[in-house]
Amino acid sequence: MNILYSLLFCYLLLGFSQCTNITAKQAKNQLSDEALLDTVQHRTFRYFWEGAEPNSGLARERIHMDGIYPENDQNIVTSGGSGFGIMAILAGIDRGYVTREEGLERIITFLETADRFHGVYPHWWHGDTGKVKPFGQKDNGGDLVETAFIMQALLTVHQYYVNKDSSRQTPTEKALTERELSL
């Protein structure tokens with residue numbers, strides 16, 4: 001056993017000794033901070049925008065890039081993950097990946113009719129119906145932590161549209177900023 005560890009140590013030492021400093025040419029190929037931020041924001045936005053469940057527009061619980069869902073759960077959406085997705089959509093609007101109208105349309109519609117429990121959203125919904133998918137037979141699915149994630153995102157959406165120049169607000173944006181969500 002000691003021989004195995006000694007060989008592993010020698011292999012790692014040899015591997016690390018081959019590491020070299022970044023050359024000037026390699027450093028020029030590095031992304032600037034702004035380019036890196038734009039790349040991360042754009043890819044995150046695309047993940048939540050293109051990977052969203054089609055009816056609800058919210059984040060799927062799982063995305064199988066091959067389109068094969070062994071548990072037939074391709075339409076299950078998650079409230080907490082959707083909170084992150086909503087924040088990504090706001091970044092996408094701000095960066096010009098989608099218009100303000102496209103982003104707003106995607107964000108609000110489903111949540112107003114989806115199941116909730118005295119204001120608490122479930123962890124999972126069936127994205128095609130808005131009905132809760134419970135964790136088990138004795139659990140209705142209400143989840144305070146996941147609700148906190150999505151509510152933080154919705155508060156950010158509200159502030160994003162409230163803080164914009166009111167002369168540039170569309171009627172839909174104005175209606176959003178003047179109402180409260182009924183929980």
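Across the range 148-163, rounded Karplus estimates of 3J(HN,Hα) from the backbone phi angles (6.51 cos²θ - 1.76 cosθ + 1.60, θ = phi - 60°) give 4, 4, 6, 5, 4, 5, 5, 5, 5, 4, 4, 5, 4, 7, 5, 7 Hz, Gly and Pro being marked x. Across the range 123-138, the residues whose backbone nitrogen lies under 19 Å from the label position 7 Å along the beta-carbon direction of N72 are 125-137.
Note that the range 73-168 presents 50 Å² accessible area per residue, ligands and nucleic acids not counted, probe 1.4 Å.
Here the Debye sum runs over all C-alpha atoms of the range 41-173 as equal scatterers in vacuum, and log10 of I(q)/I(0) at q = 0.09, 0.18 Å⁻¹ comes out as -0.26, -0.98.
Taking amide H atoms as placed 1.01 Å from N in the peptide plane, the amide H of I76 lies under 5 Å from those of E61, G127, each 5 or more residues away in sequence or on another chain.
Across the accessible surface of the range 27-74, with the other protein chains kept in place and a 1.4 Å probe, carbon and sulfur atoms take up 49 percent. In order along the range 67-73, the Karplus-derived 3J(HN,Hα) couplings, from 6.51 cos²θ - 1.76 cosθ + 1.60 at θ = phi - 60°, round to x, 9, 10, x, 9, 6, 10 Hz, and Gly and Pro are given as x.
The values are calculated or read from the model by the stated rules, or taken from the named source; none is laboratory data. The structure displayed is predicted, hence computed values, not measured ones. So basically every Cβ, Gly included, is an ideal-geometry build from the backbone, and we count neighbours across all protein chains shown. Heads up: the accessible areas ignore ligands, DNA and RNA and are worked out on the full protein's heavy atoms, side chains in. Shrake-Rupley method; radii C 1.70, N 1.55, O 1.52, S 1.80 Å.
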